[in-house]
Structures are given as C-alpha cells and as structure tokens.
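The values are calculated or read from the model by the stated rules, or taken from the named source; none is laboratory data. All figures in this text were calculated on a predicted structure; none of them were measured in a lab. As a convention, Cβ positions derive from the backbone with ideal geometry for all residues, glycine included, and neighbour counts pool all protein chains shown. When the accessible area is computed, the model is the full protein with side chains, heavy atoms only, and any ligands, DNA or RNA have been set aside. Shrake-Rupley method; radii C 1.70, N 1.55, O 1.52, S 1.80 Å.
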Amino acid sequence: AAPSICEAVDDNGFFATNDGETWALSGSLAGGYAQNAALSCYVPTFCLAVEDGTQGAGDDSQTFDGSAWSTPVELPGDMEDMGGSSGDWVSCPSSQTCIAVGVGGFVQTWTPQGWGSVLTIEDTGDMRGPGAVSCPSVSFCIAVDGHGDAARYDGSSWSAPQEADPEPLEAVSCPTAS
C-alpha cells in the first residue's frame, strides 16, 4: 500500500486518509472524540493530534505511527485552565518536535519524551480567537490569531504579537524558514 498523503479528522474522532487519489475512512482516535482537534503530520508515519478533553477532562494528544493511534495522553498544565485551549493549533516541523498554540497565546512543545510546560507568547497572552500555527523548522514558527495578529518563534522565544492584518487571520503556512 502506498503511504498516505493526507490525514483529516472529524468532530467524532474519525480519520479520513488520502492516498494521493481517493479518500477513505481509516480509523479513529482512541476514545473517539475530537472536539476542536488540531492535527499535524510530518511524514506518513508520524502525526500528532491535539484535542479538547472530554467531559471536563484536560486536553489530550495522540500520536500516529502510520498504522495506529496511541493511547490518549493528557497535556500537563491544561491550557484551558488558563483561558486557552491547546486543541486550537499544532504544527510538527519534525517527528521529534511539535508546537501546540492555544487561544490566549499559550504554547506547549511536544517531544517523544512528552509535553513541556505551558509557556505564553512573550508573557502577554495576547493571541486571541481562532487562528493557526506553522513551523517549517524547530527554530521558526509563525502563529496567527482571530484578531489579525501574528507572532514569530525563533527556537527559544516568541516575539510580541504584531498586527499583520486588520481582519481575522484563520490560516498560515510557512513552507521554509527563510
């Protein structure tokens, strides 16, 4: 079988896989719940899904190895408790690093060892509303929000959010770091 080209997840936690030509349902997240899920795949054998927790539980994440999804892992320091949600945006610039950004500018980094502590973009917590994050490398990310703001990550810290557009920004894609 050819490796999948794209993965998509619906609100019930079901995945659709595209093989380059057609879409087919390919399984589901453990627990079958994906409210406000974010998904990033670095290669066909590595994906990370981050989702709002179910029934008052914390936010969860699962990895995909090309054939099955892992058991859900609760993110430490649930970003929802701080006014944000980690299930908003995620980008994986490698199979060893993923960045999750939530409403309020809350950020967590995933590595195979687990999730790091919750940080905020420049301690401002100013990223608001729906948006996106794109990380073409572990040392370069751009996050945008629903108020037209954008912030840049340089591998060690985030810049203060700056207005990029007076209208809400809902998506961002950075194909390279240069």
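To keep it simple, each residue is scored yes or no on (1) at pLDDT 90 or above; (2) under 22 Å from THR176 (Cβ atoms); (3) in contact with a His (Cβ under 9 Å, 6 or more places away or on another chain).
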| position | (1), (2), (3) |
| --- | --- |
| LEU119 | no, no, no |
| GLU122 | no, no, no |
| ASP126 | no, no, yes |
| SER139 | yes, yes, no |
| ASP154 | yes, yes, no |
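In segment 37-90, what residues are open to solvent by 10 Å² or more (accessible area, probe 1.4 Å), part of a strand (DSSP E or B), under 15 Å from THR111 (Cα atoms) and modelled with pLDDT of 85 or more?
SER40, CYS41, TYR42, PHE46, THR63, PHE64, VAL90
Provide a single number: the residues in segment 5-26 that are of a type in the set (Gly, Ala, Ser) and outside any strand (DSSP E or B). Quick ask: steps written out before the conclusion?
Filtering segment 5-26 for residues of a type in the set (Gly, Ala, Ser) gives 8, 13, 16, 20, 24, 26.
Now restrict to residues that are outside any strand (DSSP E or B): 13, 20.
Summing the residues that are of a type in the set (Gly, Ala, Ser) and outside any strand (DSSP E or B) in segment 5-26 gives 2.
Pull up segment 132-150, narrow it to residues that are open to solvent by 30 Å² or more (accessible area, probe 1.4 Å) and assigned to a loop (DSSP other than H, G, I, E, B), then point me to the one that is nearest to VAL50 (Cα to Cα).
That would be VAL138.
Just need a number here: residues in segment 111-124 that are open to solvent by 30 Å² or more (accessible area, probe 1.4 Å) and touching a residue at least 12 places away in the same chain (Cβ under 8 Å).
Number of matching residues: 9.
Look at segment 151-168 and say how many of its residues are free of Cβ contacts under 8 Å to residues at least 40 places away in the same chain, under 16 Å from the mean Cα position of the chain (by Cα) and open to solvent by less than 40 Å² (accessible area, probe 1.4 Å).
Going residue by residue through segment 151-168, those that are free of Cβ contacts under 8 Å to residues at least 40 places away in the same chain are 152, 154-157, 159-160, 162-168.
Going one step further and asking which of them are under 16 Å from the mean Cα position of the chain (by Cα), we end up with 152.
Still in the list and also open to solvent by less than 40 Å² (accessible area, probe 1.4 Å): none.
Of the residues in that region, 0 qualify.
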